[in-house]
1. Sort 142-150, 175-183, 96-104 for me by packing, meaning the mean count of neighbouring Cβ atoms within 10 Å per residue, highest on top.
2. If you average the alpha carbon positions of region 120-152 and of region 89-108, how far apart do those two centres end up, in angstrom?
3. Please state, as a whole number in µm²/s, the translational diffusion coefficient that the Stokes-Einstein equation yields for region 53-99 at 37 °C and 0.692 mPa s, with Rh defined as the Kirkwood radius across alpha carbon pairs.
4. Which FRET efficiency value, to the nearest 0.05, is calculated for residue 215 and residue 142 with the Förster distance at 25 angstrom and r the Cβ-Cβ distance?
5. Using Cα-only point scatterers and the Debye equation, what is log10 of I(q)/I(0) for region 128-220 at each q in 0.16, 0.18, 0.25 Å⁻¹, rounded to two decimals?
6. If each residue of separation counts as 0.36 nm, what is the full-extension length gain between residue 121 and residue 133 once their alpha-carbon separation is subtracted?
7. Obtain the nm distance between the two label points defined at residue 61 and residue 75 by a simple spin-label model: each point lies 7 Å from its Cα along the Cα-to-C-beta direction.
8. What nm value, rounded to one decimal, do you get for the distance between residue 54 and residue 194 when each label is placed 7 Å out toward the C-beta?
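Every number here is computed from the coordinates shown, using simple stated rules; none is lab data. None of these values were measured; they are calculated from a predicted model. Methodologically, a virtual Cβ is constructed for each residue, glycine included, from the backbone with ideal geometry; neighbour enumeration extends over all protein chains shown.
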């Protein structure tokens, strides 16, 4: 199982078009303002639980399953994901253990595109993001549908390195890094909440860094 507290070099990912997006909390990016209890990190630290997976393009796919509007499971190959139109966002990344790394530029497929291609049923309230080795992170649907939530393929103009999540990682800029798994493989639509890997191990179920939501005992 894998986790990325901070928020992986192979291949060439191409997307059809791009535009910049700012939005929620975007005004603070690059200003030096940090969430409570955070400290500035040097560079972009690599942090995850478990080994780095090997990318096998002939076996890799991205799936959407669970409570879809049609009841069907959706699957895309690596080439099909790479062909989807993308956007660029700028953000800082906040690790629940304290470090914040600043001024990241991510490019990839907006989560909203996935929701259009594979619509959820009307009763869906949450999603589970699944990564290699069974790592999972749960999100409220509202967090996943944010205009800045991204299935990232590039970082600072280059394809993601393996250590930072190549070929695909979920970026949820307004939440702690453990809510955005590296090596993303699937999105499950859920009609009720269910805790993910770190949430089951004492981390906050929502994970808003600006509210200091690190630990499950803070949920009361």
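1. Values: 142-150: 19.7, 175-183: 28.3, 96-104: 17.4.
The densest-packed peptide leads the list: 175-183, 142-150, 96-104.
2. Region 120-152 and region 89-108 have Cα centres separated by 18 Å.
3. Working: Rh = 14.1 Å.
In µm²/s, the coefficient rounds to 232.
4. Values: r = 22 Å, r/R0 = 0.87.
So, using R0 = 25 Å, E works out to roughly 0.70.
5. Evaluating at q = 0.16, 0.18, 0.25 Å⁻¹ gives log10 I(q)/I(0) of -0.63, -0.80, -1.37.
6. Details: separation 12, 0.36 × 12 = 4.32 nm, distance 2.71 nm.
Net length gain for the segment: 1.6 nm.
7. Taking the simple label geometry, residue 61 and residue 75 are separated by 0.2 nm.
8. Each label point lies 7 Å from its Cα, and together they span 3.1 nm.
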